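Notes for the one structure printed next.
The values are calculated or read from the model by the stated rules, or taken from the named source; none is laboratory data. Everything quoted here is computed from the prediction, not taken from an experiment. A quick note on method: Cβ atoms are made from the backbone with ideal geometry, for glycine too, and the neighbour counts reach across all protein chains shown.
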């Protein structure tokens, strides 16, 4: 099967242009939806995801904003790291470089999961550059989980990370006989997805191997959480520095805890929380219409 066997885009759909920039000598990819004279808006995807997961959101915003969606290092069509230790601050640096090189500030940022964590960290470091911020389940582990992890000695965490990395070094990327088979895996990962969403996310999330099989584009090493990935004290210090209006979104069917109930929302000077019913971790997929309504109300 060749790449021409991919399902076509929806009738009338126009896609973005592909572009690259460099950060720490890595060639990183982003898509640009045009409308350069409009206010810039950055869409930052989550772990093991890719920039085209935002397409439905970008389509709804591209007439009002200059929408840019990057592929994080090790994801999508961006280059993989040599060494494979994906630290949170490396991702933050990449976003800072994209904003700096393309002169996007001041801008609006919407981030999901890992992308939300990155966006919150960037906004805390450079509050003067961010006009509005939306984080979909981007606060990291819950206080309960942080407390449980704090009881594990640092030496044990480092040993576990080494074991994880060693295991991943011998892990071969999963190969699927067809993109349809990969699509079934995508659908199984998130039952909220409709068939059109699953096809679209799969088409942009796989590459074809030389033997004709398909594999996910992300680097296996992104599965291992860096032992320096999340410092709760540092995270709170960053959240307290965010001055722009902030919207924290959570799916009620997700593993993420309510940031109002667990106290994390209180660290933001100017934030409100929305819990979205009948949605899991991918709120912007699971309840797209409601998410867009929330987003429009917040941005306006």
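Tabulated results
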read-out: Residue check, residue 250 touching a residue at least 12 places away in the same chain (Cβ under 8 Å), outside any loop (DSSP other than H, G, I, E, B), more than 15 Å from residue 138 (Cβ to Cβ) and touching a helix residue (DSSP H, G or I) at 6+ places or on another chain (Cβ under 8 Å); value: no
read-out: Check on residue 74, touching a helix residue (DSSP H, G or I) at 6+ places or on another chain (Cβ under 6 Å), in a loop (DSSP other than H, G, I, E, B) and under 25 Å from residue 202 (Cβ atoms); value: yes
read-out: Residue match in the range 171-182 (condition: assigned to a helix (DSSP H, G or I), over 27 Å from residue 259 (Cβ atoms), in contact with a strand residue (DSSP E or B) (Cβ under 6 Å, 6 or more places away or on another chain) and without any contact (Cβ under 8 Å) to a residue 40 or more places away in the chain); value: yes
read-out: Some residue of the range 138-146 being more than 22 Å from the chain's Cα centre (by Cα) and part of a loop (DSSP other than H, G, I, E, B); value: no
read-out: Qualifying residue in the range 208-220 (condition: closer than 28 Å to residue 81 by Cβ, within 20 Å of the chain's Cα centre (by Cα), in a loop (DSSP other than H, G, I, E, B) and at pLDDT below 95); value: no
read-out: Tally of residues being within 23 Å of residue 206 (Cα to Cα), in contact (Cβ under 8 Å) with a residue 40 or more places away in the chain and part of a loop (DSSP other than H, G, I, E, B) across the range 32-68; value: 6
read-out: Residue in the range 129-149 that is at pLDDT 95 or above, in contact with a strand residue (DSSP E or B) (Cβ under 7 Å, 6 or more places away or on another chain) and at positive phi present; value: yes
read-out: Matching entry among 111, 83 (being without any contact (Cβ under 8 Å) to a residue 24 or more places away in the chain and either buried (at least 17 other Cβ atoms within 10 Å of the Cβ) or out of contact with any strand residue (DSSP E or B) (no Cβ under 9 Å at 6 or more places or on another chain) (or both)); value: 83
read-out: The range 208-224, residues that are in contact (Cβ under 8 Å) with a residue 40 or more places away in the chain, surrounded by fewer than 18 Cβ atoms within 10 Å (Cβ to Cβ) and out of contact with any strand residue (DSSP E or B) (no Cβ under 8 Å at 6 or more places or on another chain); value: 212, 223
